[in-house]
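Chemist: Dumping the structure here so I can ask a few things about it.
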Amino acid sequence: MIKILAIESSCDETAAAVVSGEGQVLSNIIASQIPVHRIYGGVVPEIASRHHLEAIAPVVAQALAEADCSFAALDAVAVANGPGLVGSLLVGVSYAKALAMALGLPLIAVHHWQGHLAAVKIEHRIAPPYLALVVSGSHSGLLSVGAEQSRMLGMSHDDAAGEAFDKLARALGLPYPGGPEISRAAARGNRNAYDFPRAWLPGTDDFSFSGLKSAVLNQLNRRRMTGGPLSEQEVADLAASAQEAICDVLSAKAVAAAKREGLPLIALVGGVAANRRLRELLAERAAVAGIRVCWPSPVYCTDNAAMIGIAALPKFAAGEFAALDLNAEPRLPL
Ligand code: KG4
Ligand code: ZN
């Protein structure tokens, strides 16, 4: 059986996985640094790279142990080499290169977003053509995925969807990472309490979340002038209304693009794909349009190495290997 060790270290998760040539995930280990960065309200790049250095060897050892696999049984090493934080990426890339060289194995470079796109194949049998809505902390975009070629239809002009969630959470006094916190608070709130703006950007498949961010900050400033701290219910209402504005635009624009392009399926991927309201709205609207939807389990939505391994499989089959001068590319284009 072909076995590929995959490594992911682009942000604040040190992750390793072993996947089989048939696309089975044999192990998927994630060492999260969330508690370390939480006190700063976001990821501190220098601290992240130091923690990756400490975690990478034990995380790989655990991934191999859980897959009941030895170094000698591996057929290739795959690594996400960008985009991401350069100091974080460097740890994974250097480790993967050293391992590939020491074991005499082929090295496979994977674009981080290609990993997110591949995550949906772990639990679903899907074939192109389909529309991918990629929503993470660093990227929001709509991609038409074809059998031969994929085409970027649109992307965010400013903040990525996850970044918008994180910044809104911070403004509301909620901890990092903001997405899951907003989602939790929103569950107790009224999503129609505030009518926050939606940037529809007609005639494009692009997104913009900076206007929403300003509107929420203005609302908070106005409210604070009247004195007293925000009540838990006010935070919940603000979180629910802001979440609704983001999910409304993402789901409506994804369904409109899929309809226009004649694509029968929408794959929702990336960290924000874990959001329950986004899944609900997208499913509702896609059903009305006769379009199917699918998304990965939450553990495969946020950063993980299994998705990097799955994205590496076609490259392995095609003999598309990276040289040992592979570098970390913080702004790697898709
Ligand atoms: O894909 P990911 O793990 O990392 C990047 O490639 O950026 O995405 C992380 C982002 C964070 O911004 C986080 O707040 C967001 O995904 N996120 C969520 C949820 N879970 C994670 N956003 C909304 N709702 C969630 N449940
Ligand atoms: Zn990611």
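Chemist: Do any residues in the stretch 124-152 that are closer than 22 Å to Gly290 by Cβ have Cβ atoms under 7 Å from those of residues that are among the acidic types (Asp, Glu), where the two are at least six apart or on different chains, and which pairs are they?
Modeler: Correct list of pairs: Leu131/Glu261; Leu142/Asp205; Ser144/Glu261.
Chemist: From Gly211, Gly203, which residue is small (Gly, Ala, Ser) and free of Cβ contacts under 8 Å to residues at least 12 places away in the same chain?
Modeler: Result: Gly203 is the single residue among Gly211, Gly203 that is small (Gly, Ala, Ser) and free of Cβ contacts under 8 Å to residues at least 12 places away in the same chain.
Chemist: So Asn81 fits all but one of (1) within 17 Å of His112 (Cα to Cα); (2) away from ligand 1 (no atom under 15 Å from the Cβ); what number is the exception?
Modeler: (2)
Chemist: Still on this model: Can you tell me which condition Lys121 does not meet? The list is (1) in contact (Cβ under 8 Å) with a residue 60 or more places away in the chain; (2) within 29 Å of Ser241 (Cβ to Cβ); (3) basic (Lys, Arg), and all the others hold.
Modeler: (2)
Chemist: Then there's this: Just to verify a result, which residue in the stretch 294-312, among those that are under 13 Å from the mean Cα position of the chain (by Cα) and not in a helix (DSSP H, G or I), is surrounded by the fewest Cβ atoms within 10 Å (Cβ to Cβ)?
Modeler: Ser297
Chemist: Still on this structure: Name, by its number, the condition in (1) at pLDDT 95 or above; (2) crowded, with 17+ Cβ neighbours inside 10 Å; (3) in contact with a Gly (Cβ under 7 Å, 6 or more places away or on another chain) that does not hold for Tyr176.
Modeler: Here Tyr176 meets the rest and fails (1).
Chemist: Are any of the residues in the stretch 142-164 surrounded by fewer than 24 Cβ atoms within 10 Å (Cβ to Cβ), over 30 Å from Arg277 (Cβ atoms) and among the hydrophobic types (A, V, I, L, M, F, W, C)?
Modeler: Checked against the condition, which is being surrounded by fewer than 24 Cβ atoms within 10 Å (Cβ to Cβ), over 30 Å from Arg277 (Cβ atoms) and among the hydrophobic types (A, V, I, L, M, F, W, C), the stretch 142-164 yields at least one hit.
Chemist: May I ask you to say which residue of Leu332, Leu324 is of a type outside the set (D, E, K, R), assigned to a loop (DSSP other than H, G, I, E, B), within 16 Å of ligand 2 (Cβ to nearest atom) and not assigned by TED's automatic domain parsing to the domain that holds Tyr176?
Modeler: Being of a type outside the set (D, E, K, R), assigned to a loop (DSSP other than H, G, I, E, B), within 16 Å of ligand 2 (Cβ to nearest atom) and not assigned by TED's automatic domain parsing to the domain that holds Tyr176 holds for just one of Leu332, Leu324, which is Leu332.
Chemist: A follow-up question, please. Count, please, the residues in the stretch 48-89 that happen to be part of a helix (DSSP H, G or I) and of a type in the set (Asp, Glu).
Modeler: Adding up the residues that qualify gives 2.
Chemist: Mind listing whichever residues of the stretch 241-267 are assigned to a helix (DSSP H, G or I), among the hydrophobic types (A, V, I, L, M, F, W, C) and surrounded by fewer than 23 Cβ atoms within 10 Å (Cβ to Cβ)?
Modeler: Val249, Ala252, Ala256, Ala257
Chemist: Right, another one. Just to be sure before I move on: is His116 of a type outside the set (Ser, Thr, Tyr) and either within 12 Å of ligand 1 (Cβ to nearest atom) or under 21 Å from Asp303 (Cβ atoms) (or both) in the structure I sent?
Modeler: yes
Chemist: Going residue by residue through the stretch 18-25, is there one that turns out to be farther than 23 Å from Glu320 by Cβ and buried (at least 21 other Cβ atoms within 10 Å of the Cβ)?
Modeler: no
Chemist: Residue under question is Ala311, and the condition is that it be within 16 Å of ligand 2 (Cβ to nearest atom), among the small types (Gly, Ala, Ser) and in contact (Cβ under 8 Å) with a residue 12 or more places away in the chain; does it hold?
Modeler: The answer is yes for Ala311.
Chemist: Let me ask something else. Applying the selection to the stretch 49-88, what residues are within 16 Å of ligand 2 (Cβ to nearest atom) and touching a Cys at 6+ places or on another chain (Cβ under 9 Å)?
Modeler: Gly84, Leu85, Ser88, listed by residue number.
Chemist: Return the residue satisfying two criteria in turn: it lies in the stretch 244-277 and is within 16 Å of ligand 2 (Cβ to nearest atom) and hydrophobic (A, V, I, L, M, F, W, C), and of such residues it is farthest from Gly189 (Cα to Cα).
Modeler: Ala267
Chemist: Would you point out which residue out of Thr226, Thr204 is of a type in the set (S, T, N, Q) and modelled with pLDDT under 95?
Modeler: None of the other options fit; the residue is Thr226.
The values are calculated or read from the model by the stated rules, or taken from the named source; none is laboratory data. Since the structure is predicted, the reported quantities are computational estimates derived from the model, not experimental observations. Glycine gets a Cβ as well: all are built from the backbone with ideal geometry, and neighbour counts include every protein chain shown.
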